[in-house]
Amino acid sequence: MYASAKSCASSLCRIRNRTQETDLSVPVRKGGWWYYSRMVEGQQYGIHCRVAADPAVTDPPSTVDGTAPPGEQILLDGNELARGHEFFALGTFDISPDGRWLAYSTDFAGDERFTLRIKDLDTGTVLPDEIPDTHYGSAWSLDASTLFYLTVDDAWRPYRVHRHVVGTPPGADAVVYQEDDERFWVGVELTRSERFIFIEAGSKTTSE
């Protein structure tokens, strides 16, 4: 048993030594910003960031040693969110089309029932619009005034799509679609053109 444990620890060390812990994801251009996440050696969770895009420069931001690129704005630091909690998972991470709002959800219990929040990226303020028991997935309206999100039933099945107007009490959110057939789950997403929102219902054998 000791030899096996020692061998396992040695293998993990070799893997860790070959893994670049401090790294930058491939940046994605959206509107006037480059969005990316980066990992820092010794930290467990990603740091989600953006930098303003220079119209005269086509190359995305980069870093040689893993340090923050010039002009970086940290949108969400998973390490800060996880501090003081035994468990942490990030669910939704959704930037509004105008780049002002960030919808994000967190799970501190491990039951995949996320609490959804909205952050004002202009001020760094998290709004009081706190919505519990949500699921992965969301979609912003084109004018960024409304967020569509999912909730689950007692069996953890995403079955409702809700509409939330930014700055209003979540208790006033309307249900825009409910799937009562327990064989189906629902999802919601924005099209690539950002002009339409898709609500999808699917099962193990079909989708629509």
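Points worth noting:
- Of Y149, Y136, all but one fail to be modelled with pLDDT under 95 and either outside the structural domain of L116 (by TED's automatic domain parsing) or among the aromatic types (F, W, Y) (or both); the exception is Y136.
- Candidate set from region 169-189 (those that are part of a strand (DSSP E or B) and of a type in the set (G, A, S)); member that is nearest to A201 (Cα to Cα): G187
- Leading residue by the ranking (modelled with the lowest pLDDT) among those in region 162-182 that are touching a Lys or Arg at 6+ places or on another chain (Cβ under 8 Å) and surrounded by fewer than 15 Cβ atoms within 10 Å (Cβ to Cβ): E182
- Looking across region 22-50, the residues that are surrounded by 12 or more Cβ atoms within 10 Å (Cβ to Cβ), assigned to a loop (DSSP other than H, G, I, E, B) and either modelled with pLDDT under 55 or within 17 Å of the chain's Cα centre (by Cα) (or both) come down to S25, P27, Y45, G46.
- Restricting I131, I197 to residues that are in contact with a helix residue (DSSP H, G or I) (Cβ under 6 Å, 6 or more places away or on another chain) and surrounded by 14 or more Cβ atoms within 10 Å (Cβ to Cβ) narrows the list to I131.
- Identity of the residue in region 136-155, among the small types (G, A, S), in contact (Cβ under 8 Å) with a residue 24 or more places away in the chain and in a loop (DSSP other than H, G, I, E, B), that ends up surrounded by the most Cβ atoms within 10 Å (Cβ to Cβ): S141
- Within region 79-89, the only residue that satisfies the criterion of being closer than 19 Å to D120 by Cβ and in contact with a strand residue (DSSP E or B) (Cβ under 8 Å, 6 or more places away or on another chain) is L81.
- Candidates R195, R160 - the one that is in contact (Cβ under 8 Å) with a residue 24 or more places away in the chain, among the basic types (K, R) and assigned to a strand (DSSP E or B): R160
- Enumeration of residues in region 113-128 that are closer than 22 Å to V161 by Cβ, surrounded by 18 or more Cβ atoms within 10 Å (Cβ to Cβ) and of a type in the set (A, V, I, L, M): L116, I118
The values are calculated or read from the model by the stated rules, or taken from the named source; none is laboratory data. Just so it is clear, the model here is predicted, and its values are computed rather than measured. Methodologically, a virtual Cβ is constructed for each residue, glycine included, from the backbone with ideal geometry; neighbour enumeration extends over all protein chains shown.
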